Amino acid sequence: MSYAKYAIIGGGPAAFSAIDTINKFDKQEEIALIGAENHLPYYRPLMPNYLAGWTAREKLYMRPEDFYARSNVRFINGKAIQVNGRHNLLTYEKSENDVKAPAEEELKFEKLLLATGADPVQPNIPGLENPGTYFLRTINDADNIGRRAREAKRAVMLGGGLVSLKTAQALQALGLEVVLIISSNRVFSQMLDWQGGELLAHHLKKEGIKIFFQNEADFIHSNRSGVKKVTLADGQELEAEMVVVGKGVEPAVSFLEGSDVEFAEGIPVNEKLQTNLPHVYAAGDVTLTQDLLFNKPALHPFWPKATDQGAVAGANMAGKELTYSGCMAMNATEIFGLPVIAAGLAWAEKEEDFPGEIYRPLYLDSPPSYTKIVLKDDRLVGYIIIGENRKAGILTNLIMSQQLLSPYRKNRLINGEVVYL
Amino acid sequence: MKEILIQLEHCVACKSCVLACAVEHSESKELFSAIFETPPPVARIFVEAGEEFNFPLQCRHCEEAKCVKACISGALWQDKESGLVHHEKDKCIGCLMCVMLCPFGVLTQAREEKVVLKCDRCPDLDIPACVASCPTKAMSLEEVPVHAREKRKEYLTNFKEQWS
Ligand SMILES: Cc1cc2nc3c(=O)[nH]c(=O)nc-3n(C[C@H](O)[C@H](O)[C@H](O)COP(=O)(O)OP(=O)(O)OC[C@H]3O[C@@H](n4cnc5c(N)ncnc54)[C@H](O)[C@@H]3O)c2cc1C
């Protein structure tokens, strides 16, 4: 058994933001960082770029190698399998590479942060267990996909979210023909409305990506060399040598089974990011936190939430009181040269379904451009900007602050112009 | 620690600062050759029109900068000593997370290069090009005591306070 005042399970942005903050307030004390991946922590969202060969491997790492010693961080490559919060104990399995050490170790801590992130949702499709089927979440995933892609000609992607679209772009850059199978009626359905989805889908098709909407993979056929063919719900068959699934993520909470830390679909936390045990904290994709627009707990698996929460949790762990008020849905990306940003109730379609005002001051096919503004009681509650977008952040912050818009500002906004005050 | 202070009522929206910024961030740093460069040089300062005033605006180098917390590639980072928010172009993938969160709307995109661009406070100059170029002294570079956090905040958002 070893001891560290601070223990963190994870290795993503939530963990590092907490480390930086703990270091700021309590530099002397050791932080044990337990991470299951057999790599030094890296920037996960760069995986599609890494897969495509646009970002070199050495550019992926979150911190230089000497950071850990400098910051009093003991990096333990292992997987936490048990947490006994009331006794300040956790158990982890050392990674396989470490054959000399015992398989299981205990760590005693004073403060614990659960920052285990999320895992890809595994849909129940017969044949998904065969070689040639992948998720893209980790470096190992990217390396495996890259290896297969060197031999494959065609890829089927399941899902129409950000990770799927970026992966589709990467695979196409590697020379594959890519088909997207999307169960809803549009791409990016979590964030975009129908019109925004149309515009983006049109752009993807123009770039050579095939898309099937309102369809699913029913069966993945394989032979000895792996995936050969995918049968869709409507009976169509698509030949392909690989399948990549991007159907969203779910909090990585299974290691808490049987522990005294409460969890549901994610880990519920209070404003200080404490779990049901006051000295056990949680931050990042793994948490269930207040949605500012819906006023109820929700999962928002995205980067800025992880860094914000990591900082707040880290400060509280080190004895400096900070609070985290909540989050809302938002996302930004650039796909085949097209910028897309959406936040809040961006998908609200018709005013009848939603007690507010919806404006679409700009909609152009070429170049693809779209501005949508969603208001409620003279406050901004959502927007979509496809195309030119420098001032998107002003809008995001208007939603977060729920500031009342002046008549002048509102009037400009519904005409597609963002002014400061 | 130095900050660029903006005085709203002095700005006449002449856009000298925009031109000076673009030239300073060009290959040649000369107006006449900069015009012909590809990609064309991009300014990182903007002249904004309000209901009553115009004013210039560039990165405020915020404390606890939202862009830095949003950056998914490690391209944006904050220098603890100077407080400046730096952007490393070769790490940037143009994902727009920072654009989505910057409350001042001062990160711009270079779409061909798939990166964002922002104010770097002109590392090669004593006085940033925008400040030096302003004919009405609407901007000035001022020393702000490092420890006076509140004071610093005031400078960052100084145009807001003046407005209301
Ligand atoms: C391809 C891709 C693109 C993305 N693009 C964007 C984007 O553009 N914008 C955006 O906002 N977000 C994006 N995201 C999401 C973003 O990466 C996550 O929101 C963020 O990484 C969450 O951070 P985290 O610290 O909560 O957890 P994670 O980054 O998931 O890190 C958790 C770590 O904990 C480890 N772990 C889990 N369980 C255990 C255990 N029991 N013991 C030890 N270690 C464990 C995991 O192996 C993992 O390394 C993207 C994600 C992917 C995969």
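The values are calculated or read from the model by the stated rules, or taken from the named source; none is laboratory data. Keep in mind it's a predicted model, so treat the numbers as computed, not measured. Because the Cβ atoms are built from the backbone with ideal geometry, glycine has one as well, and the counts that use them run over all protein chains shown. Note: accessible area is taken over every heavy atom of the protein model, side chains too, but ligands, DNA and RNA are not part of it. Shrake-Rupley method; radii C 1.70, N 1.55, O 1.52, S 1.80 Å.
Site pair A:His87 and A:Val121 shows an inter-label distance of 3.8 nm when each label is modelled 7 Å from Cα along Cα→Cβ.
With the helix formula -39500 (n - 2.57) applied to DSSP H stretches of n ≥ 4, chain A reaches a computed 222 nm mean residue ellipticity of -6500 deg cm²/dmol. A:Asp291 contributes about 10 Å² of solvent-accessible surface, heavy atoms of the protein only, 1.4 Å probe.
Compute the accessible area of each residue in the range B:91-107 twice, once for its chain alone and once with every protein chain present, using a 1.4 Å probe on heavy atoms, and list those whose area falls by at least 40 Å². Those are B:Ile93, B:Leu96, B:Met97, B:Val99, B:Met100, B:Leu101, B:Pro103, B:Gly105, which lose 40 Å² or more relative to the chain on its own. As a rough guide to protection, the peptides A:222-235, A:28-41, A:190-203, A:329-342 ranked by mean Cβ packing within 10 Å, highest first, stand as A:329-342, A:190-203, A:28-41, A:222-235. Give me the summed buried accessible area for the B-A pair, 1.4 Å probe, to the nearest 100 Å². The B and A chains share an interface burying roughly 3100 Å². Rolling a 1.4 Å probe over the protein heavy atoms of the range A:264-369, with every protein chain left in place, gives an accessible area that is 53 percent carbon and sulfur.
In chain A, the C-alpha radius of gyration followed by the widest Cα-Cα span (Dmax) gives 22.7, 70 angstrom. The range A:316-367 and the range A:115-178 have Cα centres spaced 26 Å apart. Pairs of alpha-carbon atoms within less than 8 angstrom and 6+ residues apart define the contacts here; what relative contact order does the range B:61-103 have, in percent? Worked out over the range B:61-103, it gives 43 percent.
Peptides A:42-54, A:70-82, A:277-289 ordered by packing proxy, namely the average of other Cβ atoms within 10 Å per residue, highest first: A:277-289, A:42-54, A:70-82.
Are any of the pairs B:Lys2/B:Lys80; A:Lys247/B:Lys114; B:Lys69/B:Lys91 more than 20 Å apart by Cα-Cα distance, and if so, which? Listed pairs above 20 Å: A:Lys247/B:Lys114.
Spin-label model, A:Asp143 to A:Asp234: label points 7 Å out along the Cα-to-beta-carbon direction sit 4.0 nm apart.
Shown here for the range B:63-98: trypsin sites (Lys or Arg not before Pro) in loop regions (DSSP other than H, G, I, E, B) with at most 14 other Cβ atoms within 10 Å, namely B:Lys80. Per residue, the solvent-accessible area of the range B:15-96 (1.4 Å probe, heavy atoms of protein chains only, all protein chains present) comes to 48 Å².
Cα centroid separation, the range A:220-280 to the range A:60-100: 23 Å. Over chain B, dividing the summed -39,500 (n - 2.57) contributions of all DSSP H runs of at least 4 residues by the number of residues returns a 222 nm mean residue ellipticity of -6000 deg cm²/dmol.
In the elastic network of chain A, a GNM with C-alpha springs shorter than 10 Å, the most mobile of A:Gln122, A:Gln169, A:Gln290 is A:Gln122.
A 1.4 Å probe run over chain A, with the rest of the protein chains in place, finds 43 Å² accessible per residue. Between A:Ala313, A:Ala264, A:Ala346, the residue with the greatest mean-square fluctuation in the GNM of chain A (Cα pairs under 10 Å linked by springs) is A:Ala264.
The stretch between A:His279 and A:Gln403 holds 41.1 nm of extra length on full extension. This uses 0.36 nm per residue minus the Cα-Cα distance.
If you take the Cα centroid of the range B:64-86 and the Cα centroid of the range B:18-39, the two points sit 26 Å apart. Shown for the range A:317-363: residues covered by the partner protein chains by 20 Å² or more of accessible area relative to the chain by itself (probe radius 1.4 Å), namely A:Met330, A:Ala332, A:Glu334, A:Gly337, A:Pro339, A:Ile341.
Extending 7 Å from the Cα toward the beta-carbon at both A:Ser2 and A:Ser184 defines two label points whose distance is 4.4 nm. Could you tell me the calculated FRET efficiency between A:Asn38 and B:Lys137, based on Cβ-Cβ distance and R0 = 41 angstrom, to the nearest 0.05? Calculated value: 0.10.
Measuring r between the beta carbons of A:Glu177 and A:Ser366 and using R0 = 25 Å, the FRET efficiency lands at 0.50. For the range A:32-73, the carbon plus sulfur part of the accessible surface works out to 50%, probe radius 1.4 Å.
Of the accessible area of chain B, computed with a 1.4 Å probe over protein heavy atoms only, carbon and sulfur atoms account for 54 percent.
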